[in-house]
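To start, the structure under review is shown below, and the notes come after it.
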Amino acid sequence: MSEVILSVKDLRASIDGKEILKGLNLEIKAGEVHAIMGRNGSGKSTFSKVLAGHPAYEVTGGDILYKGESILEKEPDERANEGIFLAFQYPIEIPGVSNLDFLRVAYNAKRKYHGEEEIDTFDFEDLVEEKLDVVKMNPSFLERSLNQGFSGGEKKRNEILQMALLEPSLSILDETDSGLDIDALRIVAEGVNQLATPENSSIVITHYQRLLNYIEPHFVHVMYDGQIVKTGTKELALELEERGYEFIDELVEVGA
Amino acid sequence: MSSTTVKNLVNQPYKYGFVTDIETDTIPRGLNEDIIRLISAKKNEPEFMLEFRLKAYKQWQKMTEPKWPHVEYPPIDYQDIIYYSAPKQSKEKLNSLDEVDPAILETFEKLGIPLSEQKRLANVNVAVDAIFDSVSIGTTFKEKLGEAGVIFCSISEALQEHPELVKKYLGTVVPVGDNYFAALNSAVFSDGSFVFIPKGVECPMELSTYFRINNGDTGQFERTLIIAEEGAKVSYLEGCTAPMYDSNQLHAAVVELIALDNADIKYSTVQNWYAGDENGKGGIYNFVTKRGLCQGVNSKISWTQVETGSAITWKYPSCVLIGDNSVGEFYSIALTNNKQQADTGTKMIHIGKNTRSTIISKGISAGKSKNSYRGLVKMGPKADGARNYSQCDSMLIGDTAEANTFPYIQADNDRAKVEHEASTSKIGEDQLFYFAQRGISEEDAVSMLVSGFCKDVLNELPMEFAAEADKLLSLKLEGSVG
Ligand SMILES: Nc1ncnc2c1ncn2[C@@H]1O[C@H](COP(=O)(O)OP(=O)(O)OP(=O)(O)O)[C@@H](O)[C@H]1O
Ligand SMILES: [Mg+2]
């Protein structure tokens with residue numbers, strides 16, 4: 001049996017006193033891909049940020065176990081260095097810090113955290129060249145300020161570049177497919193698939209069944225008002241696409 | 001990583017806060033004509049200098065402290081300040097720096113400024129004038145500079161050795177009655193540097209002055225004068241530190257630069273005076289008048305400042321562009337934290353034709369500090385074809401700091417062009433979270449963000465100091481995280 005990477009138990013979280021996650025349960029094993037779908041505002045991004053430890057959210061109940069250990073007390077940088085990676089729905093622009101410097105510092109932070117020696121600028125550039133290939137990105141993006149003036153699609157690709165470099169055990173892709181053109185979608189999906197190993201897992205948050213043609217999920221979950229209310233396989237995504245979220249409404253009402 | 005840790009980030013101990021215990025020659029507290037005569041006599045000054053001082057004193061008495069800066073402080077009791085304090089010397093005149101009181105040499109060494117003969121061999125590209133309270137301790141590389149015809153010494157020494165040069169230029173850029181603090185300085189100035197680069201000479205090394213305030217009750221009244229004759233070129237840098245006292249000390253300086261035809265003066269400052277504690281107790285009042293005169297055609301004066309210390313900073317290094325085609329530049333980083341207050345910027349006065357000026361200002365405010373950019377660009381009626389470009393960016397760290405921009409433009413010539421850009425950004429939770437999510441600690445994130453923000457200005461500093469200044473910025477913001 002493969003190892004449980006992530007186990008979320010009855011998770012409750014709020015922001016500015018408003019409860020957004022209302023008892024969320026989820027278990028992910030090594031090698032699995034889980035898709036999360038759900039209406040706008042159902043709490044998908046909130047869940048991803050709570051997993052990564054965003055300070056604005058307060059966990060008010062339940063637990064998050066990562067590789068068997070609660071991470072609720074861990075700082076966000078610690079969680080990241082332990083292998084949790086979040087590809088943001090809206091990657092933030094950082095003026096004045098070059099993409100390359102940022103990548104190098106992030107990469108070395110992880111090495112340092114694991115007691116490894118930092119790698120020098122030259123070796124690092126070789127490594128980055130290799131990773132650029134995964135997302136078919138032009139090296140000119142390395143010299144630019146991080147995400148600054150990047151198009152929506154370029155920002156998403158840059159997120160996957162970072163993921164390729166940091167080789168996380170658990171990646172959370174928050175609507176990485178939104179705003180991508182058809183070619184970019186394929187490239188990003190291929191990149192994600194290329195990085196998948198039997199040891200690591202991912203959570204793919206999306207609104208479109210289309211992405212799941214490229215990234216085959218083992219499970220599809222539907223989020224509704226801060227909870228996962230339905231779990232199925234790939235077929236669930238197809239059903240949602242066809243019938244919309246209304247049948248979930250009915251389902252929730254029946255359950256209530 | 002709550003907002004309280006963002007606050008923690010901006011606290012760090014001041015590393016230069018120690019006091020050197022030495023015997024001093026200190027005059028009585030207070031200010032009057034006799035005190036001014038006493039200072040002048042102690043320095044054995046020529047008669048014209050005493051007259052200059054007394055004239056300034058008379059003007060100062062009629063003036064009032066400026067109230068327009070966006071800073072607050074309790075009234076200063078000018079009768080409670082000691083206007084002259086110097087380390088006691090065993091000999092009348094020292095033959096070499098190696099004869100200086102070892103405690104003082106050690107002080108400068110601790111500050112990273114080795115003065116003794118063997119030690120300074122390591123740093124052969126920079127000549128140093130070291131100023132301790134009211135007097136210059138000594139100047140390195142004098143002989144080598146002398147061979148090139150360059151004069152680099154303290155202004156006190158220049159008054160002995162080259163009185164005619166001092167007389168010719170002193171007060172020509174900043175007149176004795178220019179403003180309240182300049183008038184005070186002109187009356188009581190103690191020491192500072194004197195630089196003279198003769199016609200056609202490019203100064204063979206960086207010149208620098210290190211200012212140290214040691215005594216808790218002494219004001220430091222620095223006076224610096226730099227003259228670059230036709231075609232001459234020089235790069236000069238000043239650094240400043242002071243011990244931590246609960247009281248405030250006054251540093252009221254006047255710096256005058258004069259560039260003749262085709263001359264080029266680059267003046268850089270890394271200011272790290274004691275800033276007071278996190279509650280705003282103690283720290284230096286840094287009230288400074290710095291002005292450069294681009295007298296000659298094609299001359300250039302460039303100011304670069306990294307202001308990180310002082311409880312209050314009030315300074316506007318300016319350029320008066322008289323010579324046709326002359327160039328003025330102002331590159332500034334002003335970082336304030338805790339309860340620090342800064343009101344700083346520049347004045348670019350375009351008088352000659354085709355004169356050009358550039359202003360790049362980066363203000364960083366953290367803690368409960370106040371940081372204001374104040375600048376004036378003036379295009380005179382004869383300044384045909386003159387151009388100015390200004391860019392003023394502010395960065396806020398946390399929610400309790402204040403950033404302001406007060407740009408003034410006065411154009412009396414419609415053939416001149418003025419461009420102004422401004423921005424305000426904030427190091428917010430989401431930016432820090434982005435870094436953290438990639439495994440980067442808050443401290444590293446802040447330092448990357450700040451040095452990225454300041455890059456355009458750091459690049460203007462002489463190579464030897466750019467890395468130091470960058471480090472200083474990080475240090476100033478470093479917290480007790482981890
Ligand atoms: N500071 C806040 N105060 C109150 N409500 C908030 C705050 N921040 C987010 N919310 C609410 O939390 C809910 C969940 O938001 P979240 O971004 O997690 O949704 P989502 O499922 O990712 O939606 P989308 O599909 O549009 O990306 C929304 O209703 C949002 O308005
Ligand atoms: Mg979302």
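One table, with the values for the structure above:
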read-out	value
Positions within region A:104-129 being in a helix (DSSP H, G or I) and over 28 Å from A:GLU69 (Cβ atoms), in sequence order	A:ARG104, A:THR121, A:PHE122, A:ASP123, A:PHE124, A:GLU125, A:ASP126, A:LEU127, A:VAL128, A:GLU129
Qualifying residue in region B:76-86 (condition: of a type in the set (Asp, Glu), outside any loop (DSSP other than H, G, I, E, B) and at pLDDT below 90)	no
Restricting region A:84-137 to residues that are within 8 Å of chain B (Cβ to nearest Cβ) and of a type in the set (D, E, K, R), the residue that is nearest to B:GLY452 (Cα to Cα)	A:ASP101
Inter-residue pairs, beta-carbon under 6 Å, first more than 16 Å from ligand 1 (Cβ to nearest atom) and in region A:81-93, second in a loop (DSSP other than H, G, I, E, B) and open to solvent by 10 Å² or more (accessible area, probe 1.4 Å), 6+ apart	A:GLY83/A:PRO168; A:GLY83/A:SER169; A:PHE85/A:PRO168; A:GLU93/A:GLN148
Answer from B:GLY385, B:GLY380, B:GLY439 - the residue that is away from chain A (no Cβ under 14 Å), open to solvent by less than 40 Å² (accessible area, probe 1.4 Å) and either at positive phi or at pLDDT below 95 (or both)	B:GLY385
Qualifying residue in region A:46-53 (condition: more than 16 Å from ligand 2 (Cβ to nearest atom) and modelled with pLDDT of 95 or more)	yes
In region A:53-69, residue nearest to A:ILE248 (Cα to Cα) [restricted to those that are out of contact with any Ser or Thr (no Cβ under 6 Å at 6 or more places or on another chain) and within 13 Å of ligand 1 (Cβ to nearest atom)]	A:TYR57
From the options B:VAL306, B:VAL297, residue that is at pLDDT 95 or above and not hydroxyl-bearing (Ser, Thr, Tyr)	B:VAL297
Residues being in contact (Cβ under 8 Å) with a residue 12 or more places away in the chain and under 22 Å from A:TYR107 (Cβ atoms) - total across region B:422-439	5
Spans of helices (runs of 4 or more DSSP H) in region A:168-256 with at least 2 residues surrounded by 21 or more Cβ atoms within 10 Å (Cβ to Cβ) and within 16 Å of ligand 2 (Cβ to nearest atom)	none
Some residue of region A:84-92 being assigned to a helix (DSSP H, G or I) and under 22 Å from the mean Cα position of the chain (by Cα)	no
Sole residue being surrounded by 20 or more Cβ atoms within 10 Å (Cβ to Cβ), touching a Pro at 6+ places or on another chain (Cβ under 8 Å), in a strand (DSSP E or B) and small (Gly, Ala, Ser), chosen from A:ALA35, A:ALA13	A:ALA35
Within region B:442-471, considering residues that are among the small types (Gly, Ala, Ser) and within 12 Å of chain A (Cβ to nearest Cβ), the one nearest to A:ALA56 (Cα to Cα)	B:ALA445
Residues located in region B:336-374, provided they are of a type in the set (Ser, Thr, Tyr) and either closer than 29 Å to B:GLY280 by Cα or part of a strand (DSSP E or B) (or both)	B:THR336, B:THR344, B:THR346, B:SER357, B:THR358, B:SER361, B:SER365, B:SER369, B:SER372, B:TYR373
Test result for A:LEU165, under 26 Å from A:GLU3 (Cβ atoms), more than 16 Å from ligand 2 (Cβ to nearest atom), within 14 Å of chain B (Cβ to nearest Cβ) and not acidic (Asp, Glu)	yes
Criterion violated by A:LEU72 - all others in (1) more than 16 Å from ligand 1 (Cβ to nearest atom); (2) hydrophobic (A, V, I, L, M, F, W, C); (3) open to solvent by 30 Å² or more (accessible area, probe 1.4 Å); (4) in a strand (DSSP E or B) satisfied	(4)
Residues satisfying the stated conditions in region A:34-48, i.e. within 13 Å of ligand 1 (Cβ to nearest atom) and in contact with a helix residue (DSSP H, G or I) (Cβ under 8 Å, 6 or more places away or on another chain)	A:ILE36, A:MET37, A:GLY38
Count of residues meeting criterion [within 23 Å of B:LEU237 (Cβ to Cβ), touching a helix residue (DSSP H, G or I) at 6+ places or on another chain (Cβ under 7 Å) and surrounded by 24 or more Cβ atoms within 10 Å (Cβ to Cβ)] in region B:338-367	2
Residues that are within 25 Å of A:ARG39 (Cβ to Cβ) and either more than 16 Å from ligand 1 (Cβ to nearest atom) or in contact with a Pro (Cβ under 9 Å, 6 or more places away or on another chain) (or both), drawn from region A:153-180	A:GLY153, A:LYS155, A:LYS156, A:GLU159, A:LEU170, A:SER171
Filter pass, A:THR60 being part of a helix (DSSP H, G or I) and either away from chain B (no Cβ under 14 Å) or of a type in the set (Ser, Thr, Tyr) (or both)	no
Those residues of region A:3-50 which are touching a Leu at 6+ places or on another chain (Cβ under 7 Å) and within 14 Å of chain B (Cβ to nearest Cβ), in sequence order	A:THR46, A:SER48, A:VAL50
Only listed residue being modelled with pLDDT under 95 and away from ligand 2 (no atom under 16 Å from the Cβ), chosen from A:GLU125, A:GLU73	A:GLU125
A:ILE15 farther than 20 Å from A:SER202 by Cβ, modelled with pLDDT of 95 or more and within 16 Å of ligand 2 (Cβ to nearest atom)	yes
Residues within region A:1-10 that are over 21 Å from A:ILE84 (Cβ atoms) and in a strand (DSSP E or B), tallied	0
Positions within region A:18-41 being in contact with a strand residue (DSSP E or B) (Cβ under 8 Å, 6 or more places away or on another chain), over 12 Å from A:ILE205 (Cα atoms) and within 16 Å of ligand 2 (Cβ to nearest atom), in sequence order	A:ILE20, A:LEU21, A:LEU24
Residue identified as over 30 Å from B:VAL446 (Cα atoms) and among the polar types (S, T, N, Q) among B:ASN371, B:ASN404, B:ASN338, B:ASN388	B:ASN388
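The values are calculated or read from the model by the stated rules, or taken from the named source; none is laboratory data. These figures come from a predicted structure and were not determined experimentally. Note that each Cβ is placed from the backbone with ideal geometry, even for glycine, and that neighbours are counted across all protein chains shown. Quick note on the areas: whole protein, heavy atoms, side chains included, nothing else; ligands and nucleic acids left out. Shrake-Rupley method; radii C 1.70, N 1.55, O 1.52, S 1.80 Å.
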